[in-house]
1. Which of the peptides 108-119, 429-440, 28-39 is most tightly packed, and how do the rest follow, judged by the mean count of other Cβ atoms within 10 Å per residue?
2. Quick one: Cα centre-to-centre distance for the range 522-544 and the range 325-387, in angstrom?
3. Would you mind counting up the charge near Gln211? Only other residues with Cβ under 11 Å from its Cβ, with Lys and Arg at +1 and Asp and Glu at -1.
4. With 5 Å bins from zero, work out the P(r) of the range 275-375 over every alpha carbon pair and list the percent per bin.
5. Any idea what the alpha-carbon Rg over 2.2 N^0.38 Å comes to for the range 196-329?
6. When Lys and Arg each count +1 and Asp and Glu each count -1, what net charge do the other residues less than 12 Å away from Asp78, Cβ to Cβ, add up to?
7. Which far-off residues, 5 or more places away or on another chain, put their amide H under 5 Å from the one on Thr10, with H placed in the peptide plane?
8. At 4 °C and 1.567 mPa s, what whole-number value in µm²/s does Stokes-Einstein give for the translational diffusion of the range 1-103, with Rh from the Kirkwood sum over Cα pairs?
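Readers should treat all values here as calculations from the given coordinates under stated rules, not as data from a laboratory. Treat the numbers as computed from the prediction; the structure is a model and nothing was measured. Ideal geometry is used to build each Cβ from the backbone, glycine not excepted, and the neighbour counts take in all protein chains shown.
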Amino acid sequence: MGSVANGIITETDVVVIGAGFSGLYMVHSLRKFGFNVRAFEKAPDVGGTWYWNRYPGARCDSESLTYCYTFDEQLFQDWVWSERYPAGPEVLKYLRHVADRFDLRQHFQFETAVQSATYDEVARRWTITASTGEVVSTQFFISAVGNLSVPATPAVKGIESFQGQWLHTGRWPLQPIDFTGKRVAVIGTGSSGVQVTQEIAKTAAHLTVFQRTPTFTIPLRNMPLDPDYQRLWKSNARELIKKTRYSDGGLPFFASSTPLKGQDPEVVEQGLEAAWGVGGFKFLFGTFCDVGSDHESNAIVADFARRKIASIVKDAEKLRVLTPTGYPLGAKRIPLDTGYFQVYNQDNVHIVDLKENPIKEMTSGGLIAGETEHAFDLVIFATGFDAITGPLMQMDITGRGGQKLKDTWADGPYGYLGVGVPGFPNLLTLGGPGGVGVISNVPPTAEQAVEFAAECVAYLRDHNIDEIEATTEAADLWCEHVHAEAFKTMYPYAPSSWHDGSNLGKKARPFPAYTPGFSKFRRICDNIAAEGYTSFKLHHKGEAGSKANYKAHDPEWYTKVVQAPSSAELASWLEKSPMWT
Ligand code: N01
């Protein structure tokens, strides 16, 4: 590995950006395959999203025993989680432990942003320029920047005149903030807004929540993790992790095959009530299998969730504003809550409907919404992210023929299998457009993407291939398939969502995530790897020019390869899985 020197070109096999779940495992995997790796991270330490999202109440919505790596058996067995759902600091501690345990920090340069990356079509290499001035030449460029790493703060008129403090949940300061006795505004009611609201309501003198779209929530039902449960889980770990790897959502539990449609209403009510009592995503995915695909079934479950809100919120006007209507439950990523609606029964907590009272401007003392001026000491933007494409579009990335990634993605995310973008050879975008990451449990999804990328670049090296590129034909057919599949779900019916960029007033075309599920996505990727990546355009060292040697798959192929495998097939895949070898 070359040394860091301003303006000096160093050479490496692979550059990785990001030190979150994907980036850490990416570096570890590439090193196992014998590659030289340089990695850059903007933050001063590892953690990715968990480094930045330190707002009070930040907590993961996946159960801790599923929100961790599975690639190393001893790591999985050794780490002891303290709660059913891990709080932000515990996940951060875990990722720091992983970095130390596998000695990964030595490959990372922290507090360093990649500013530009330019592809040299003759050398078939990327030239990467970092914020330190260092220039690195690399054959492969792998982004592990996460989907939710560029906070979106609305351009509110007068924000600079505000004399109090304003913050974004996605860029929380290291020093804790004391809300005691303060007048606080929270703007946004997604997962971050719900969590921060629940926490701040405990100490603030006045808390006003500004809501654009009323949200559904499901109770989280967090609790200390019973040591016996943790031991039981770990003693069955291999089986559970296999299930996770071939599950729909990257979680080993939910596999309801019972449709709601046609059920006795009393049975439905009992089933929903029981799942509500358990809490978590089981309510959404583990009750009835058609909640995410059938609008009538969904409406029944949405009505159940609305009745729950009505049973909590006592003030009729607050209830009117808070009640979500007009869109299916689960179309937007649903927050899990711990007493969110209950806080509106406190006299010091208020809700403002931004559709009726839009924010006009911030003033020195607060903000004006509708005709009312509100006084605040702190304004918290829980307004989400420029998701999926935002982080890469911040960099100046230039591919074949001077093509800019910003232009390619100007109309929304576009890519092949979440990993390849036509015109950008040797760039692998983990969890990128057309992947499964944004709607599935992150760690197993990240592991799949990393393993696909690591095995791919090792295969290329071992077969004397020095260039891989997604073709427009393959990407178009894939996007067409992904888009058609999305319309069998509720996702496209969200009034606004970070999934498709409509949270920022732009609508992605096509829908950017593969909705049929993690297991099917894995099977498609496994088949493509087994074919020798021939659905990409590959260039062998020493060949003149690029050959049109690829074979794009059509939607029929994608549908065929995801048919349920026989148990013998499944057993043989699991045998071959790199897990714990
Ligand atoms: O962001 P969001 P988030 N003016 O986009 C509103 C993960 N996560 O940070 O609904 C006023 O969901 C916006 O309104 P609307 C998780 O995957 C996980 O909360 O678009 N309001 C919405 O209410 C999650 O889905 C965890 O109409 C504006 C809110 O701000 C993802 O991160 C915890 C606005 C943004 O909600 C993002 O969550 C936290 C504007 N100009 C996050 N712009 C856990 O696992 C936006 N809004 C627990």
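1. Details: 108-119: 17.7, 429-440: 27.5, 28-39: 19.3.
Highest to lowest by the protection proxy: 429-440, 28-39, 108-119.
2. Spelled out, the Cα-based centre of one part sits 48 Å from the other.
3. On the way: positive: Arg212, Lys318, Lys355; negative: Asp353, Glu356.
For residues surrounding Gln211, the net value is +1.
4. 2, 11, 18, 18, 17, 14, 9, 6, 4, 1, 0
5. Values: Rg = 17.8 Å, N = 134, 2.2 N^0.38 = 14.1 Å.
Normalised Rg, Cα atoms only: 1.26.
6. Numbers: positive: Arg101, Lys234; negative: Asp72, Glu73.
Here the count lands on 0.
7. So Thr10 has HN proximity to Val135, Val136, Ser137.
8. Values: Rh = 15.0 Å.
My calculation gives 86 µm²/s for D.
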